[in-house]
Amino acid sequence: AYGAAVQAALLSNDIKNAPNLMLQDVTPLSLGTSSIEKPTPGAGERMMAKDNNLLGSFIFPIPRAPRRHIPIKVCFAIDADGILNVSAEEETSGNKKDITITKENGRLSTEEIDRMIQEAESFKAEDTKLEQKAKTMNDLNEYLYHVKKLITDNDVSSLISPVDKLKIYTAV
C-alpha cells in the first residue's frame, strides 16, 4: 500500500521534495489468496481469482471453521532481488507451507503484466457487477443461515406451528 501511495504521488507530480526516491520490494500487481478448496496465492487486479495469475498452491487440509472465518494466515514477502516468498499457516494445527516465486518460476513478463492491467481496466464494469452479485448472494446465504439457525432454536421453534415450520423448511 505504501508503494502504491508513493507511485500515485509520483504520477500526480506531488513529490517534488524527494526526487531521488527509489522503491524496493515493489510488485506491479496486487497479491491475494483464494481458499475455496486449498489456499492458492495469486497476483492480478481482477476480482475473481480465476482471472488472475496463479502463483502456486498449498496442499494441506482446511478444517471446518465458523462461517466467514478461514483459519489460515498467509504472508507475502519480497526480498531485494525481487524473489517473492509466500507462506501459509493453518492456525489450528500449526501446519505451515512455503512457496518461492523467482524469475524462472511463475513470474510474469512485463508484457503479461501490462496485458493483465489492461484487461482489468476493460473488465472493470463487469467485475463490479460480479462483485455486487457475489455480495448479494453472500448476504442471502447469510440470511438463510440465520433463518435455519433460528428455526432450530427451541425457544423460537416452540412458537411456530408445525405447518408453518414445514413451509419455512421447504422455502429455506
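How much area per residue is accessible in the stretch 67-108 when the probe is 1.4 Å and only protein heavy atoms are counted (Å²)?
Value for the stretch 67-108: 65 Å² per residue.
If the cut-off is a Cα-Cα distance under 15 Å, which aspartates and glutamates reach residue 133, setting aside same-chain residues fewer than 8 apart in sequence?
Result set, ordered by chain and number: 142.
Tell me the net charge near residue 96. Cut-off is 12 Å between Cβ atoms, residue 96 excluded, with +1 for each Lys or Arg and -1 for each Asp or Glu.
Cβ neighbours under 12 Å give a net charge of -2.
Heavy-atom accessible area of residue 168 with all protein chains present, probe 1.4 Å, nearest 10 Å²?
Here the accessible area works out near 50 Å².
How much length is gained if the chain between residue 91 and residue 114 is pulled fully straight, taking 0.36 nm per residue apart and subtracting their Cα-Cα distance, in nm to one decimal?
Extra length from residue 91 to residue 114 when fully extended: 4.7 nm.
Accessible surface of residue 133 in the full protein assembly, 1.4 angstrom probe, to the nearest 10 Å²?
Accessible area of residue 133: about 130 Å².
Can you spot the lysines whose alpha carbon is less than 27 Å from residue 129's alpha carbon? Ignore those fewer than 8 places along the same chain.
38, 50
Pairs to check: 124/165; 135/165; 73/167; 73/135. Give those whose C-alpha atoms are more than 32 Å from each other in this structure.
124/165; 73/167
Arrange the residues 135, 165 by how much accessible surface each exposes, largest first, with a 1.4 angstrom probe.
Ranked from most to least accessible, the order is 135, 165.
Please list 3J(HN,Hα) in residue order for the stretch 143-151, calculated via the Karplus relation 6.51 cos²θ - 1.76 cosθ + 1.60 where θ = phi - 60°; whole Hz, with x for glycine and proline.
4, 4, 4, 5, 5, 4, 5, 5, 5
The values are calculated or read from the model by the stated rules, or taken from the named source; none is laboratory data. Keep in mind that this is a model prediction, so the values were computed, not measured. Quick reminder, even Gly has a Cβ in these numbers, built from the backbone with ideal geometry, and neighbours come from all protein chains shown. Just the protein is used for accessible areas: all its heavy atoms, side chains included, with ligands, DNA and RNA removed. Shrake-Rupley method; radii C 1.70, N 1.55, O 1.52, S 1.80 Å.
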